[in-house]
Structures are given as structure tokens and as C-alpha cells.
Amino acid sequence: MLTRAAERLLWLLPLAFFALFFAYPVLNLLVTALHPDGHWELAVFGQVFSDSRFWSVLWFTVWLAAASTVLTLLVALPGAWVLARFRFWGKGLIEALAVVAFVMPTVVVAAAVSSSTERLGVPGLSEGVPAILLAHLYLNVGVVLRLVGNYWSQLDPQVEEAAAALGAPPWRRFLNVTWPRLAPAVLASSAIVFLFTFTSFGVVLILGRIGQANLEVLIYRKVVQLFNLPEGAVLAIVQIILVAVLLVVQSWLSRRLETRQGLLALPRLQRPRTAGQRSIVAAFLVCSLALLAGPIVAVFLDAFGGSQGWSLTNYAALGTSNEGTILFVSPIEAVRNSLVFAVAATVIALIIGSVVAFVLSGRASPLTESIWLLPLGVSAVTLGFGLLITFDEPPVNFRGSAALIPIAQALVAIPFVTRAVLPTLRSVRGNIREAAATLGATPLQTWRFVDLPMIVRGLAVAAGFAMAISLGEFGATVFLARSEFPTIPIAIYRFLGSPGDINYGQAMALSSILIVVTALVVVGTDRLRTSARYL
Amino acid sequence: MSELEIRHLHVVYDDEPVVKDVSLRVPAGGRLAILGPSGSGKSSILRAIAGLVPSRGEVLLAGSSLAGVPTHRRDVGLMFQDNALFTHLNVVDNVGFGLRMRGATRSRARVQAQRFLELVGLEHKREAAVTDLSGGEQQRVALARTLAPGPAVVLLDEPVGALDRALREELLVAMTQVFDELRTTVVMVTHDQSEAFEIGRDVAVMRDGRISVAGAAAQVWANPQDSWTARFLGLNNVMEPGQPLHAALGCVPGVTTLLRPSLSRVADAGDARAARVLTGVVEWSRFRGGLYRAALSELSVGGSPVPGARVEVWSDRELEQGPAIAFTIADDDLVPLND
Amino acid sequence: MFIKPSRVPATLAALGIVPVLLLAGCAGSDAPATSSPPTSDGPESTEVKLLTYDSYNISKSVLKDFTAKTGYEVKIVKAEDAVATVNRALLTKENPEADVLFGIDNNTLGRALDVGLFQPYQAPDLAQVPQDLQLDPEHRVTPIDTGDVCLNYDRATLSAEQAPKGLEDLTGADFKDDLVVENPATSTPGLAFLLATIAKYGEDGYLDYWTKLKDNGVKVEDSWDNAYYKQFSAAAKNGTKPIVVSYASSPAAEMYYADPQPEQAPTAAVLNECYNQIEFAGVLNNAANPTGAQEFINFMLTRPYQEDIMTTNWVYSVLPSVQPPAVYEYAPAPQTTLSIPFEEVNQNREQWVEDWTSVMQ
């Protein structure tokens, strides 16, 4: 057990980390925006706000996020109902696929969507807004399925039965009984989906038509294509503010969800009995498999199938590096880089994230807690841009090294780690430790035999998420990755942006590798969690 | 098994004194039940004995002070109100935990634990996850876990609190058997008086951080000391000086007096004129806890009516409604109280 | 526009947070070796890194000659198209990814010179290069080759009569959905083509012209590589665009690579309203191996290199003594060219590109 003073000291670690790698870059962005020509001025803000393109991009960003959210809800809500009420074969698979989809690298999703839609012969869907919406649907459908599905399963179906007994027809039961009770979960998950799609980057960058840009892509173009750092910084600040507002709304909605009472501890699931129920469940299985597994299958078909039938040509090409290719190193080195960066990022995120969780598990006001749980990485582009312009000059110059990449990836992953570890830490807190002490366990033994084994489960899940996120991180990495050490998503992006079958084939081969690694990491740690029971 | 004594114990939570100057003694192999309403500070006494909260005063185990001794070296077993089972361990490893902490190998701890599982009748669930057990089973695991390392004293915090009545009875019987067999020194905390008198050889009643009465169980029952304790034990016939019944029964003037509810029935209401005979009409009667409890009204003592008064009587037979019935009042039916 | 080094003290002043300052200081002193890329081998390096655009090509044998003569091995770092390459170099100015940059052109030079991307170096052979190609009097960049950005068309789709004669034709219904161009924000030929339209229609008229092109279904790609090899019907497997912004020399390249040799080149350039481009190389400031970089620039002006690029990058040599090979008969010189003075481009380029982006979005 730690004293108060020791806990305060412990705070210093995450505080220092965030001050240096988040607050300092954000301040640097502010200076870049407000101090462009050696003196303080608001001119760049005026310049940006008077540009009609800024407003049309902002409108497109909001519109795209709203459309993505609505589409995701429309598709996922019926599915959430099926998951909440029925027990059936293949349910575990669908749930696992949805989790994998959620952490799937955006670059891979973009590649998969264009590949699968072209394969289906609907080229209209392979580019532009339809393709972006499809990619957003794939990435976020799991959020709604899981969040609303879980919540729905805990709503007592007897309440609806009571309404039926009181003479309410099905539509009234839904409108007057189910919906009011379900709405908080739907709102909370909508807020999350809106936030994620509002800050979508890789998908829009790759699938968007020329000139189609949301705020994230506009920031990227301003900085990387036009080298207009002050305007890029203004946009980044606008993005930070908008994201902060959305985060506040989202955490408020999620908190409201937690305080709802009257939930069932154990959901009552039934096997589909009537023919109608069976066909609904069957339709759900088919649709969700098509949506969640289809794009993955398309990537593998493209990765193994070249112009001359089935072959391993694309994979073989990954091992070679010649002067003519667009990557400075062989693509297989990108795989190695990705793994090294992801492991480093996971370690950093686990350390910082669990320290935050540890301190939060003690005394923390709800406000402090929400602040620390805010996913900083939602605007990865802003993060990457801030780090890029901050650490390339004395006093702190990290740009020559690769160190910033795992740091940026860790910043994205830390809130996920904290969220995963916090509940288990809370369950260890309190009298479980006291029980160990009364049974004769020294503080060290308590840590070794009680704290550690209990946290390990949470840590395993956290590590899996952190690893998956780091492996797929694109928005920040694209600013920071130098040609000597590209990551898999960077390599995929470069290959996708280059002409020729072999480049496309290599993009798909790399995507398939990333899919396998991500799925293994996420599903594997989920396994670990259940087998850790008898640790 | 050792003697436990606490002297002038004070516990303060967030500047709020919750235990005020409590002194108690439990002989080796003795069983003390601390009875009190929730919030009276009884759990804090246990936590102070276990060294989980800072306290003032002395805690002596087998005659030596525990001051400065950390929890894990105090050799006390504490069974928590919500069990606090290790959810990452299965049943047998929960029970063997204390033995392992004392240096036993895993296999030896498991063998030892098995004995205690048999004692609480859970040997068939040894490999089960504790989260898969019912509430009663979880409580039995918690009991076995507390007993397994053979602590010098066992502290029980509402050990059967969350259970339904049948399970409660079952576990209480099992517990007394185990304690008798192991000659365990026990301090139990409860808000339920039937539990307290069933487990405790000695009973201490707590109110607002202080002991209001303590002693052998029968003695506390017979002489509850003050009107609050009497009422808390379910003895409701408290007569204050100045009340008509107080005077009519000839209580010592100025002394609050308890009329015990288990009065002897007089078969013939004709003797009602005798000075120490109480007559009345049954207003209502209920069967509760093996006894019929009835309220009498329209009372008269020695033939003269006592308007407005009402008493509770306990009887092993149902009292008939309708005509007035009569009870004699012996000297020891009137218990003087201290307030 | 660019942030001067004064940004750092200003930042620190703006912070006003002591712990952050202290931390920054600590991190700085903890990482003493970060001023140069850890992957480079220091001043003794036998490696020269060349940062260039994706479609750059050079014969292996020529590079081997260079290594044999100087002992330096050349590593090629490819960014996207040339404007993106220059921006990448600008973003990593303090810690360059390479020692020498090739591919910056007369139209993108301004910003790079202003912020000190390059260090001055005068190659001995520079004297042989015509004076009018040496745009920087301080010799921070060295001219390496020239080219003419012209419209190209697929002869399989369009005959010489059907082909557009110049810029104006492209807005006509005949060429609906036929044209692919490069993004001037990322690509130097794209920028050259944009400048050609500004030269022709003026600052007030070029955006209207582009609006018409947009309505006529122009396709924009981020790099020449993608425009040519992904969209142009004569070069890309599934290409659907018969007209592309490329070089006057491109038809010769098509002829050179065609097997078997056809009667005439499968593509042709529209020789009107082309825009001239000069490509430069420069030693990057803060380069890990500046000596090796200078050696490589010397080498770029030698005869073997200058001859090689004519059939690898399909550009003209800057040395008057180096004559184009025979295949260049399929690449006649432009008949008319458009141009905007260097200084004017420097001053307005960013605004023009931003305005173009706004219109095309």
C-alpha cells in the first residue's frame, strides 16, 4: 500500500510524459499559429477562417461523421438486438471479428474496401464517399454491436412482456418501453462513432477523391504538400478544440450510462425458437460475416492471386529491396520495424497507462478520471504534426532517431490501457488486499500473489489493444517515420499510391500480414485473459 | 488458541470517533459476539484488532501487545463481511492461501486446505472457480480460508449476513460445531441478536462506539442494563417513572423498570384481585421465532384499571382473543434499568 | 511565412510552465547524440544518400562507376513526386534524411532557398553549363537537366487530327473525361502545367479555365508516376485517359522501351504551349556526409551521368556538348512554350496552388 505522498510522486511520471509529449507540442502548435513571422498576431487565424475551403472542409467533416454514425447505427442496431436476445452458433466468431475490425489498421481497411468492392464489380463503391462510409461502417460496427448489445442484453425482457400484457402492440412496446431504456446506450455509442469518424484520417486520405478532405486530411495536406505550417497549426488547434468538445460530450453520455440502474446481472439468452427468429438470426449471421469477413477475404485473394493465378509472388517481393522500388528498405524490414515499434510503444503505454490507472483507482474525482481517460490520439494527425515540429530542434531533438514513433503510438494507446487495467485494479483495491494481510501475506507477497495475478488479466487485454493500435497507427506515424524505418501501414500507403500490379500486390500482401498479426494479438490476449483464472 | 484482550480502544475515521474507549476480554477458546446496529462501530473494532486501521489503546493477544505489529504478523484471522475471496484463485487455493504465505508448498497447502473444505462441507467443489459458487458456498469458503492457517483468534464480520434464513441457520450450526471442535477463540460482529446469542458465549452490545452492556450471554439477556439495550434486544416493556403502569406495578420510584415479557399465566381470572396479577385483553397475537407474541390492552393490576397502558407478552401457546386473561408478576419479572 | 529559429524561445516564453521547461532541458541533455541521424556513420561515411522523387531512374553501371571512382556508395531515398520530395526535405530540414537532394525545379526553388535548405557548392564543371540555367547566383543548387512539360496523347485512341492542339481544346466536349493531370501541390510537372495555364489565361482567368476542366472530368493524380502508369491509356494496363500531362520526350521513351519496335511511337506530345523545366540538385544543410554529396554533384555533371539520364529519366542534358541519342527523333522539340519569370513564380506559387486546390476540391 502506498502513502498519499508516494501516490503524489507517482503522478509525476504520467504528468511529465504528457507535459513533454503532448502539452509541449500543443503549445508549440499555438506558437506556430500565433507567432508566424517573429511577432504575435492573429492573422493566420483570420486567413484560415476567411477561406471558404476551410468551411467546406469543416462541413464535409461533420457531414461525413454524421452520415457514418447514422449508417453504422442503422446496420448495427438490429444486430445488437440479435446479440442481446439470442444464443446461437457462430456468435463468438462474430463478436471476435467485430473486435478485430475495431482495431484493424485504417490503411488496411481502406485497401480492403477498395479491393472487395472492385472484386464484387461495384467500382462506384471503391472510391469517394461511398467507399469511406463503407470503411467507417466496417471499423465502427463493433462499437455499437458490443456497447448496445451488452446493454440491451441486461435490460429485463420481462418489462416488455409486462407492457404486452398491458395491451401494448409490438411497435408501441419498442417506442414507449424499449427505446427510452435503450437510448442512453445508443447515444453513448453514437458519440463514440461520431468522434472516431470525425477524426478519421487514413481512410479519407486513401479512399477520398482528389480534393475530398476532412479536417485531418486538410491538416496533412497543408503541412506535407503545401508546407504551410502556420495554417496547418491553426487547423490543428481548431481540431484539438472540436475534439475536446466531442470528448466531453462523449464522456458525459458514457457516464450517464454507468449510473443507470435496474440492469440484469446475468442476461437471459434464448435459442431462436420460431421459424421467424431462426431466419432473423441466420440473416444476421450472413450479413455480419459478409461485412466483417468479406473485406479480409478480398485482401487475401488479392495478396495470393497475381495476374498469373495463385502464387506467392507478392510475398516473395516483400523480401527484396532494389534501388528502383519506392521504399528505401525492403518491405520485410517494415514488418520488423512495425513489430519493434509496437513492442516499444506497448511497453511505454503499459507503464504509463497502468500508473495512471493505479493512481486513479485510489481517490480520484470523476472529472480527473475523465480527463485522464480522454483518448489523446483521436486526432493522430495533430499529434504527429505537433511532435514533428517540436522535437526537431534543440533543446530536444529526437527527429533523427526513431524514438518519436513509439512515443506517438504509446500516446494513442495509453487511454486504452488505462481503461482496460482500471476495473481489475479497482477489484483488487480494498479488502482483497486486507484479506491477504490477515492471512499472513507480507506486502510483497500480497503484490506477488494477489495484485499481480489479478492485474495480469487486465494487462494482457491492455497489451493486446496497445499492440494492435501501435501496429496499425498511421496518422501520427506518417509524419514521423523516416525513410530508413517505414512501418507496415506506411509501406502499404506507399505501395497503394504507386502504379503497377506488383506494388498493389505487395500492398495487399503486407495488409494480409498486418491482419494476421493484429488478429492474433487481439484474440490471443483475450484467450490469455480467460486462462489466467488459475494463475 | 489464545486469550484476546482490548483496553481503552479508540478508532477515529476522518476526524469522526467511531470506537470510543472500548475494553473487552475474550478468554482462550472463548466466543464473544459484539451486537449492535449498523454504524455502531463494531466492524471498526475488528479492523483495529487486525491492524487494518490505526487505533489508540491496547490490543493484547496471549498477553503480549500487538502495538506496531503489522497485520500479516498478528496471527489473527478475519472473515470479511463480503468475503473478499480471491477471484483469480479456485476454491482450494483460496483456502490454502494463508498456509502458503506461511511457507507451505503449494501441494502441502492444498492437502491442508482439503481438511478445512471437508469441515465446511465443500470438498466436492475444491477445483471450482469461486465466482461460480452460490452465496452460502462462498461464505463457507471464506470461513475455511480464515480458519485454515490456524490463527490465534478468529474475527468474523457479519459472517452470515447476506444469506437467506435457512442457509443462515445451517451455517451457524456448522460454525459452532467447527469452533467447538477447534476450540477457537472467536470475536463475531453482528446486528442480529439471535445470531449473537447463538454463537456468543459472551455478548457485548454496542451503541455509538461504546459498549453499553457486556457479559455472559444469559446474564446480558437477563439484565440488559438500560432501556436502549433492552429495546435493542427486543424487550419492549420499558416503564418510565411517572407512567401509570410503573406506579401500579409498584416499581421502585424514580427507576426505569423493564417488565419481562415471559410472564406466567394464571389459569383462573378470579384471582385477578391479587396485587401482583395483571389482566388484559389480547389486542393482537403473532407467531414469531418459536413464540407467540401478543399485545395486551385494557390492562388492570390487582383489579384496578390502568388506562391507556399496553404490554407485550411472550407465550409458547397462542393466547385466546376475547375475554381478559391474567398473569402473575414475580419479583424477577421486574428488572430495574440504569437510566 | 516560414517559422524562423526565433520560434523556440518564443515557445518557451509562451509556456511559462517551469516543470515542462525543466523536463525539456533534461530530455535534451539525456539525448546528446540526436543532432545527427544515428543510422549514418558520421563524417567517415562511405555512403551518400540521395533524396529524390519516385520516378527517378539511373543505370546501375553508372552508379558503380561513381563508387569505383570515389569510394562512395549511393543509397537512394525515394519520396513521392518532386514537390512532395522538397516538402519532405523542408519538414526534416534539421535532421535530413539524405545528403543530397535531386529533383527540385525552377518552379519550386524559391521557398527552399529562402529557408536555407541547401548549402552552397560550386562544382568544377559548372562552368560548362549555360549561364541562363544557373538560377541561383550563390550556387546552392546546381542545374542537372532540363525538360519540357507538354500534353501527351494515346495514338491508339486519338489521331493527330483528333488530338488537342493546345490548352483551350481540353475544355471541349470532345475530350470529356479524357485528361489526367498531376497535382501541382505534390508534383513538378503538375506545377509546370498549372503555371502554363496561368501564363496563358492570366492570374484572373486560370481558375475559370480549371473550373471548366473540372466540369469536363479532369482526373488529378498526386504523382506523374500514377498519372502516367495508372491512368494514361497508352501506358497503364487499365488506364482510361488518352491524354496526360507528361514530357515532350515521353514518346521517345515509349519507342525506346517498345518491343517489338513499332513503326511510330505509340504516343505523341502536343508541341504547343509547353512549359520548360530545369531540375536541380543541392547539398542539404546539416547533411551527414557533405563531402560525399559534393562528389555526387560533381559526378552528376560528368558525361557518363549526363548521357545516362537522357534514356533513364528522359530529360535533356545541361551540357551543350552532350547530344541526345537517335531515339530522340521521335521527340521533336516544342514549337511554342509558355513561361512565367522565375521571381514571379517564387512570389506567387503558394497562393496559386492554394487557390487551385480550393477550386478543384
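Numbers for the structure displayed
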quantity	calculated
Checklist (1) more than 14 Å from every other protein chain (Cβ to nearest Cβ); (2) of a type in the set (A, V, I, L, M); (3) closer than 24 Å to A:GLN250 by Cα applied to A:VAL26, failing item	(1)
Residue within the stretch C:61-78 that is over 25 Å from A:LEU388 (Cβ atoms), part of a helix (DSSP H, G or I), facing chain A (nearest Cβ under 9 Å) and modelled with pLDDT of 85 or more present	yes
Leading residue by the ranking (surrounded by the fewest Cβ atoms within 10 Å (Cβ to Cβ)) among those in the stretch C:244-267 that are over 22 Å from the mean Cα position of the chain (by Cα) and of a type in the set (Gly, Ala, Ser)	C:ALA258
Condition check for B:ARG140: under 18 Å from the mean Cα position of the chain (by Cα) and either modelled with pLDDT of 90 or more or away from chain A (no Cβ under 14 Å) (or both)	no
The lone exception for A:ALA23 - which of (1) of a type in the set (A, V, I, L, M); (2) without any contact (Cβ under 8 Å) to a residue 60 or more places away in the chain; (3) exposed (fewer than 15 other Cβ atoms within 10 Å of the Cβ) it fails	(3)
Residue within the stretch A:191-210 that is farther than 30 Å from C:ALA227 by Cα, more than 14 Å from chain C (Cβ to nearest Cβ) and part of a loop (DSSP other than H, G, I, E, B) present	no
Tabulated pairs, the stretch B:71-89, first more than 8 Å from every other protein chain (Cβ to nearest Cβ) and farther than 17 Å from B:ALA148 by Cβ, second at pLDDT below 85 and assigned to a loop (DSSP other than H, G, I, E, B), C-beta under 7 angstrom, 6+ apart or interchain	B:GLN81/B:GLY161
Complete set of residues in the stretch C:126-160 that are part of a helix (DSSP H, G or I) and touching a strand residue (DSSP E or B) at 6+ places or on another chain (Cβ under 9 Å)	C:LEU126, C:LEU133
Extreme residue, surrounded by the most Cβ atoms within 10 Å (Cβ to Cβ), among residues of the stretch B:105-132 that are in a helix (DSSP H, G or I) and among the acidic types (Asp, Glu)	B:GLU123
Filter result for the condition that a residue is among the small types (Gly, Ala, Ser), under 30 Å from C:THR186 (Cα atoms), over 20 Å from the mean Cα position of the chain (by Cα) and modelled with pLDDT of 90 or more, over A:ALA290, A:ALA317, A:ALA233, A:ALA282	A:ALA233
Filter result for A:SER427 (modelled with pLDDT under 85 and in contact with a Pro (Cβ under 6 Å, 6 or more places away or on another chain))	no
Criterion: within 20 Å of the chain's Cα centre (by Cα), basic (Lys, Arg) and either over 30 Å from C:GLN131 (Cα atoms) or more than 14 Å from chain A (Cβ to nearest Cβ) (or both) - qualifying residue of C:LYS237, C:LYS241, C:LYS230	C:LYS230
Options C:ASN298, C:ASN286; residue that is on the phi > 0 side of the Ramachandran plot and over 19 Å from the mean Cα position of the chain (by Cα)	C:ASN286
Flag for B:ARG102 being surrounded by fewer than 22 Cβ atoms within 10 Å (Cβ to Cβ), among the basic types (Lys, Arg) and within 11 Å of another protein chain (Cβ to nearest Cβ)	yes
Condition check for C:ASP174: free of Cβ contacts under 8 Å to residues at least 60 places away in the same chain and assigned to a helix (DSSP H, G or I)	yes
Segments classed as helices (runs of 4 or more DSSP H), wholly inside the stretch B:211-303, with at least 2 members that are loosely packed, with under 13 Cβ neighbours inside 10 Å	B:217-222
All positions within the stretch A:37-94 that are outside any helix (DSSP H, G or I) and farther than 30 Å from A:PRO230 by Cα	A:PHE86, A:ARG87, A:PHE88, A:TRP89, A:GLY90
Residues within the stretch A:435-448 that are in a helix (DSSP H, G or I) and surrounded by 21 or more Cβ atoms within 10 Å (Cβ to Cβ), tallied	5
Qualifying residue in the stretch A:66-85 (condition: under 19 Å from A:LEU301 (Cα atoms) and surrounded by fewer than 24 Cβ atoms within 10 Å (Cβ to Cβ))	no
Extreme residue, surrounded by the most Cβ atoms within 10 Å (Cβ to Cβ), among residues of the stretch A:216-228 that are within 13 Å of chain C (Cβ to nearest Cβ) and within 16 Å of A:TRP63 (Cα to Cα)	A:LEU218
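The values are calculated or read from the model by the stated rules, or taken from the named source; none is laboratory data. What you see is a predicted model, and the numbers here were worked out from it, not measured in a lab. Methodologically, a virtual Cβ is constructed for each residue, glycine included, from the backbone with ideal geometry; neighbour enumeration extends over all protein chains shown.
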